[in-house]
Amino acid sequence: MALIAPRVAPALPAEDALALQRALDGGTDITVFVDGTVHRLPAQARDAVVDLLARFSRGEAVTVSSVEEMLTTSQAAELAGISHTYLRNMTDRGEIPVEYRGTHRRIRLAAIMSWLEGQKKKRAAAEVAGEAADGGTSGGESGR
């Protein structure tokens, strides 16, 4: 997994940390407001936010970063609905970017999602072009 753009936040002043600690003690309802709108966080996000706030309440400096998920070629192929061999061939041709961990290929989840979106757009464009060529009538299905 690749670490992306860490951000370091200094510790809160002691008074603010103590006030936050009192607010978190025994509390189970964490409500998030964004531009005045209430949002209920999914469990994983809620747990991460509570952990972050708890660290601040203890007077700790905190580093926040994101981790981009890296997939094996088998995981990426399964997600894309293609064979492992076909995916490896695409990485060899440079159609899908790949990183190596030793001799093992790893593919970013974002790269597979981008490829899938590109395939979806190509299919939609081909359907539109096929309808225009047929004059709007169905002339059968073409193979891939």
*Complete set of residues in region 77-100 that are open to solvent by 80 Å² or more (accessible area, probe 1.4 Å) and free of Cβ contacts under 8 Å to residues at least 24 places away in the same chain*: GLU78, TYR86, ARG88, ASP92, ARG93, GLU95, PRO97, TYR100
*Considering only region 49-76, state which residues are free of Cβ contacts under 8 Å to residues at least 24 places away in the same chain, open to solvent by 60 Å² or more (accessible area, probe 1.4 Å) and under 22 Å from LEU12 (Cα atoms).*
ASP51, ARG55
*Any chance THR91 is in contact with a Pro (Cβ under 9 Å, 6 or more places away or on another chain) and modelled with pLDDT of 90 or more*: yes
*Does at least one position in region 119-142 carry a residue that is open to solvent by less than 80 Å² (accessible area, probe 1.4 Å) and in contact (Cβ under 8 Å) with a residue 40 or more places away in the chain?*
no
*Can you tell me which residue in region 101-118 is farthest from LEU87 (Cα to Cα), limited to those that are among the aliphatic types (A, V, I, L, M) and open to solvent by less than 70 Å² (accessible area, probe 1.4 Å)?*
ALA110
*Pull up region 13-48, narrow it to residues that are at pLDDT below 85, over 30 Å from ALA110 (Cβ atoms) and part of a loop (DSSP other than H, G, I, E, B), then point me to the one that is least open to solvent (accessible area, probe 1.4 Å).*
GLY27
*If you check every pair at least six apart or on different chains, which have Cβ atoms under 7 Å apart with a residue in region 1-30 that is within 14 Å of PHE56 (Cβ to Cβ) and among the basic types (Lys, Arg) first and a residue that is assigned to a helix (DSSP H, G or I) and at pLDDT 80 or above second?*
none
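The values are calculated or read from the model by the stated rules, or taken from the named source; none is laboratory data. Since the model is a prediction, treat every value here as computed from it, not as a measurement. Note that each Cβ is placed from the backbone with ideal geometry, even for glycine, and that neighbours are counted across all protein chains shown. Side chains included, ligands, DNA and RNA excluded: accessible areas come from the protein's heavy atoms. Shrake-Rupley method; radii C 1.70, N 1.55, O 1.52, S 1.80 Å.
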